[in-house]
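For reference, the structure discussed in these notes is given below.
The values are calculated or read from the model by the stated rules, or taken from the named source; none is laboratory data. Quick caveat, the model's predicted, so the values are computed rather than measured. We place every Cβ from the backbone using ideal geometry, glycine too, and count neighbours over all the protein chains shown.
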Amino acid sequence: MLKFLCLGGEKIIKQLVCNLVGKYGTNSPFELCKKLNINVLFVDLPESVDGFFLNSRLKSSILIKKNLSMAEKEKVCAHELAHALLHSRINAINYEEKNPEFIALLENEANSFSKFLLEQ
């Protein structure tokens with residue numbers, strides 16, 4: 001997987017997306033997950049959760065709320081793919097209460113990645 005890029009800036013994230021799309025020939029987050037061996041599962045999730053990335057030694061997974069529209073699923077998948085590639089070594093639960101600013105930075109990076117990927 002790609003190295004942790006927290007605070008790497010939008011320029012670096014945009015370059016990462018360009019490299020990823022160039023290497024795999026697609027900007028589809030679903031296809032990229034398949035090529036990167038990340039499971040994508042559509043499941044029932046709580047009202048406030050559209051998706052999340054689950055890191056595992058065996059096989060990482062992205063869980064997406066199954067009743068979202070296809071466009072929403074694609075956006076959530078791209079966002080969670082960003083967490084898989086940029087933040088896979090971070091357990092956000094440990095930081096949620098202690099350092100919400102750090103969590104906001106991680107979310108901003110994932111949003112930037114998702115935006116750049118889906119614009120390709």
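Please pick out the residue among VAL21, VAL43 that is at pLDDT 90 or above and loosely packed, with under 13 Cβ neighbours inside 10 Å.
Result: VAL43 is the single residue among VAL21, VAL43 that is at pLDDT 90 or above and loosely packed, with under 13 Cβ neighbours inside 10 Å.
Is there any pair with a first residue in the stretch 104-120 that is in a helix (DSSP H, G or I) and a second that is among the acidic types (Asp, Glu) and modelled with pLDDT under 90 whose Cβ atoms are under 6 Å apart and which are 6 or more apart or on different chains, and what are they?
Here the result reads SER112/GLU10, each pair linking the stretch 104-120 to a residue that is among the acidic types (Asp, Glu) and modelled with pLDDT under 90.
Given the residues ILE64, ILE12, which is the only one that is modelled with pLDDT under 95 and of a type in the set (Val, Ile, Thr)?
Residue meeting the stated conditions: ILE12.
Six or more apart or on different chains, Cβ under 7 Å: which pairs go from a residue in the stretch 57-79 that's within 9 Å of PRO29 (Cβ to Cβ) to one that's part of a loop (DSSP other than H, G, I, E, B) and of a type outside the set (S, T, N, Q)? Could you list them?
Here the result reads ILE62/ILE38; VAL76/ASP50; VAL76/LEU68, each pair linking the stretch 57-79 to a residue that is part of a loop (DSSP other than H, G, I, E, B) and of a type outside the set (S, T, N, Q).
Out of (1) surrounded by fewer than 17 Cβ atoms within 10 Å (Cβ to Cβ); (2) within 21 Å of PHE102 (Cα to Cα), what's the single condition that is false for THR26?
The single condition THR26 does not satisfy is (2).
Every residue in the stretch 22-49 that is under 11 Å from LEU81 (Cβ atoms) and aromatic (Phe, Trp, Tyr), please.
Result: PHE30, single match.
What's the total number of residues in the stretch 27-56 that are small (Gly, Ala, Ser) and either in contact (Cβ under 8 Å) with a residue 12 or more places away in the chain or not in a loop (DSSP other than H, G, I, E, B) (or both)?
Summing the residues that are small (Gly, Ala, Ser) and either in contact (Cβ under 8 Å) with a residue 12 or more places away in the chain or not in a loop (DSSP other than H, G, I, E, B) (or both) in the stretch 27-56 gives 2.
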